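Written below as structure tokens is the structure these notes are about.
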Amino acid sequence: MTEATQRRIAITTGGGDAPGLNAVIRAVAVSSHWRGWEVLGIRHGYRGLIEPDPSGIVTLDRNAVRGITHLGGSILGTASRGDPFNYPVKIGDQVVARDVSDQVIERAQTLGISAFVVVGGDGSLRLASRLLAKGLPRVVAVPKTIDNDLEGTDQTFGFDTAVSTATEALDKLHTTAQAHERVMVVEVMGRYAGWIALHAGIAGGADVILIPEIPFAIERVNEKIKRRESRGRPFSIVVVAEGARPRGGEMVVKQTDNFHEPRLGGIAELVAQWITEGTGKETRSLVLGHLQRGGSPVTTDRLLALRMGCAATNFLADRSESGVVALRCGELEFVPLSVATRGIRTVTLNSNVLQTGRDLGLCFGDEPEGFFLPSAGPSLPPTGSENSLGGSGD
Ligand code: F6P
């Protein structure tokens with residue numbers, strides 16, 4: 001066998017899907033093809049290596065990946081209950097947890113897989129580290145999540161598409177909110193990070209944005225809504241991240257089980273209720289939910305996904321260690337897995353995007369309108385009720 005043909009690599013997509021997964025799969029398959037490598041697709045995370053069904057593993061030749069760059073979802077499927085160390089196995093009527101990680105390692109060895117491209121979020125990357133420690137061959141990870149909360153990379157693909165979907169929804173909600181003079185409270189995804197709420201809220205002209213990083217006081221939100229009303233703006237748009245919580249309160253968990261991260265959801269309905277109680281305004285709430293994960297990736301996500309997929313192949317060819325493809329200052333770099341798995345990346349309070357929201361007069365449920373960080377400049381108006389720079393009261 002020549003150097004060019006000796007490699008057989010595998011690709012898996014695990015965790016929640018994100019627009020751009022298929023673009024990564026195509027990029028890995030095509031760029032590997034030029035190198036003479038064979039690419040196997042493992043279906044539904046590691047499930048294809050665990051279950052006996054032979055269709056769990058597919059060959060990704062050039063034909064298999066034609067015309068998929070613009071498609072949402074994943075041609076390989078994904079799995080959010082596919083942790084081989086805590087794998088759900090049905091015994092009679094019961095589902096019990098089993099450690100089947102040895103099976104994954106053995107199957108990978110039997111198939112002669114020399115390296116894995118793991119496309120996943122923090123959970124998938126942590127799993128990859130544990131499997132590496134047990135003997136999985138090399139891993140190059142491509143970071144994926146609409147939440148944009150992965151450490152080590154400036155952005156994950158899927159985020160821009162989710163933000164675009166949420167922004168479009170806010171544009172539409174403005175007209176109905178205005179017509180009925182209502183407050184619309186919109187819940188967006190993001191888990192423990194407020195990136196989607198922050199970006200979509202600012203771009204979509206929201207009046208209030210509530211994120212997990214800033215526990216909110218509902219009084220501040222109600223003041224903002226009443227102030228708008230007194231200025232002749234009797235409607236408001238409130239964006240709530242699913243992980244947002246009131247000061248001294250907890251995140252709202254919708255469901256928990258042994259095989260899955262707790263599912264968040266329900267805070268928008270509560271916020272809407274508190275707004276009605278505090279302002280007397282008619283209020284409606286809605287949850288954008290999985291709409292944010294669906295559909296075609298926007299251009300920036302497609303490009304990022306294609307770039308990351310090709311970079312994964314190049315890193316496999318040029319380097320010998322495991323690691324993650326990361327976007328840093330516009331360039332793709334190779335960072336250790338330990339960097340990407342050391343925690344999640346949340347919105348920092350000195351973030352420029354957050355400050356942009358404050359400069360525009362948006363309410364984050366913490367400070368009165370017109371609040372500026374000390375670093376924002378010397379000639380600042382006093383904080384307090386309204387000020388001449390007062391923000392979005394328009
Ligand atoms: O991590 C991506 C994400 O969409 C989160 O924003 C959300 O909390 C979660 O996944 C939803 O997971 P599921 O698809 O299991 O409902």
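The values are calculated or read from the model by the stated rules, or taken from the named source; none is laboratory data. Note that the coordinates shown come from a computational prediction; the quantities given were computed from them, not determined experimentally. Glycine gets a Cβ as well: all are built from the backbone with ideal geometry, and neighbour counts include every protein chain shown. These accessible areas exclude ligands, DNA and RNA; they are computed on the full protein's heavy atoms, side chains included. Shrake-Rupley method; radii C 1.70, N 1.55, O 1.52, S 1.80 Å.
Applying 1/(1 + (r/R0)^6) with r as the Cβ-Cβ distance of residue 339 and residue 317 and R0 = 25 angstrom yields a FRET efficiency of 0.70. Here the spin labels are modelled as points 7 Å beyond Cα on the Cα-Cβ line, and at residue 276 and residue 89 they lie 4.9 nm apart. Once the Cα-Cα distance is subtracted from the 0.36 nm per residue extended length, the residue 126 to residue 217 segment shows a gain of 29.3 nm.
Efficiency by 1/(1 + (r/R0)^6): what FRET value for residue 68 and residue 260, r their Cβ-Cβ distance, R0 = 25 Å, to the nearest 0.05? Mind dumping the intermediate values first?
On the way: r = 28 Å, r/R0 = 1.10.
Computed FRET efficiency for residue 68 and residue 260 comes out at 0.35.
Scanning residues 5 or more positions from residue 139 or on other chains, those with amide H under 5 Å from its amide H are 116, 322, 323, with H placed 1.01 Å from N in the peptide plane. Peptides 225-236, 31-42 ranked from most to least packed by the mean count of surrounding Cβ atoms within 10 Å: 31-42, 225-236. Across the chain, the relative contact order, built from alpha-carbon pairs under 8 Å that are at least six residues apart, equals 19 percent.
Kindly sort 261, 151 by accessible area of their heavy atoms, largest first, with the probe set to 1.4 Å.
On the way: 261 85, 151 45 Å².
Putting 261, 151 in descending order of accessible area: 261, 151.
Find the relative contact order for segment 14-148 and round it to a whole percent, using C-alpha pairs within less than 8 Å whose residues are 6+ positions apart.
So the answer I get is 27 percent.
Annotation: amide H-H contacts under 5 Å for residue 285 (H modelled 1.01 Å from N, sequence separation of 5 or more, or interchain): 185. Accessible area of residue 110 (1.4 Å probe, protein heavy atoms only, ligands and nucleic acids ignored): about 120 Å². Listed by chain and number, the aspartates and glutamates placed with their C-alpha closer than 15 angstrom to that of residue 134 are 83, 99, 102, 106; residues fewer than eight positions away on the same chain are left out.
Each residue, residue 300 and residue 59, gets one label point 7 Å from its Cα in the Cβ direction; the gap between the two is 4.0 nm.
Comparing 58, 271, 139 in a Gaussian network model of the chain, where Cα atoms under 10 Å apart are tied by springs, the biggest mean-square fluctuation is seen for 58. In the chain, the longest principal axis of the Cα atoms and the axis of helix 101-110 are about 50 degrees apart. The apolar share of the surface of the chain, taken as the fraction of accessible area on carbon and sulfur atoms (1.4 Å probe, ligands and nucleic acids excluded), comes to 50 percent. For the chain, the longest principal axis of the alpha carbon atoms and the long axis of helix 299-318 meet at an angle near 40°.
Neighbours of residue 339 by Cβ distance under 12 Å: Lys/Arg scored +1, Asp/Glu scored -1, total 0.
Just 267, 344, 146 to compare: in a GNM of the chain, with alpha carbon springs under 10 Å, which one fluctuates most? Result: 344 has the largest fluctuation of those listed.
In the context of the full protein assembly, residue 315 retains an accessible surface of approximately 30 Å², using a probe radius of 1.4 Å and ignoring ligands and nucleic acids. Taking the chain as a Gaussian network of alpha-carbon nodes connected by springs under 10 Å, the highest mean-square fluctuation of the residues 71, 349, 170 belongs to 349. Once the Cα atoms are used to define both axes, helix 159-180 deviates from the longest principal axis of the chain by about 30 degrees. Overall form of segment 198-252: oblate. Here a/c, set by the Cα gyration tensor axes a ≥ b ≥ c, is 1.5 or more, and a/b is not larger than b/c. Over the chain, the hull volume per residue, using the convex hull of the C-alpha atoms, is 150 Å³.
With each run of n ≥ 4 DSSP H residues scored as -39500 (n - 2.57), what mean residue ellipticity at 222 nm is computed for the chain after dividing by its residue count and rounding to the nearest 500 deg cm²/dmol?
Values: 11 runs with 130 residues, N = 394.
After summing the helix terms and dividing by the residues of the chain, the value is -10000 deg cm²/dmol.
Can you tell me, using C-alpha contacts under 8 Å and at least 6 residues apart, the relative contact order of segment 118-185 as a whole percent? It would help to have the intermediate numbers written out before the result.
Numbers: 54 pairs, mean separation 15.1, N = 68.
Relative contact order here is 22 percent.
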